[in-house]
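A.B. asks: Sharing a structure, written as structure tokens. Questions coming.
The values are calculated or read from the model by the stated rules, or taken from the named source; none is laboratory data. Here the structure is a predicted model, which means the values were calculated and not measured. Backbone-built Cβ (ideal geometry, glycine too); neighbour counts: all protein chains shown.
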Amino acid sequence: MLKILKIATVVIVLGAALFVSTSSASAHGFPRHCGDQPGRGAGWFDVRSYQANCHLARAVADYFVWESGGDHRFFGWRCDSDRLGLELSNVDCKSRRRGFHQHVRFRFGA
């Protein structure tokens with residue numbers, strides 16, 4: 001009986017660890033689609049957010065574009081960009097505000 005209890009405990013612990021690892025902040029989707037920058041030409045587009053309203057998500061994209069080439073840490077946000085081509089990048093911005101994870105993702109370029 002003790003052996004079965006030990007095996008059950010191990011299975012429960014491993015199951016809980018698997019659940020926690022798959023439900024981490026990086027495993028979420030982006031339920032809000034916040035659109036594109038108004039106007040024509042280079043800028044940001046396809047803004048998506050998680051636990052941030054669209055007004056905030058567009059403000060993060062605006063600030064990133066305004067500060068492009070500089071430090072990508074501002075007001076508690078940290079942005080990383082990956083170049084997709086000569087004039088296009090994926091931008092990933094994250095913040096830990098008010099005790100929860102906020103995440104904004106968009107494309108930047110021409």
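A.B. asks: Kindly establish whether Ala52 is under 16 Å from His28 (Cβ atoms) and not in a strand (DSSP E or B). Reasoning before the result, please.
C.D. replies: Numbers: under 16 Å from His28 (Cβ atoms): yes; not in a strand (DSSP E or B): yes.
Yes: the conditions hold for Ala52.
A.B. asks: Applying the selection to the stretch 64-80, what residues are on the phi < 0 side of the Ramachandran plot, at pLDDT below 90 and not basic (Lys, Arg)? Steps first, please.
C.D. replies: To start, the set of residues in the stretch 64-80 that are on the phi < 0 side of the Ramachandran plot comprises 64-68, 70-74, 77-80.
Subsequent filtering for residues that are at pLDDT below 90 retains 64-68, 70-74.
Result: Phe64, Val65, Trp66, Glu67, Ser68, Gly70, Asp71, His72, Phe74.
A.B. asks: Has the stretch 35-43 got any residue that is crowded, with 16+ Cβ neighbours inside 10 Å and either touching a His at 6+ places or on another chain (Cβ under 7 Å) or among the aliphatic types (A, V, I, L, M) (or both)?
C.D. replies: no
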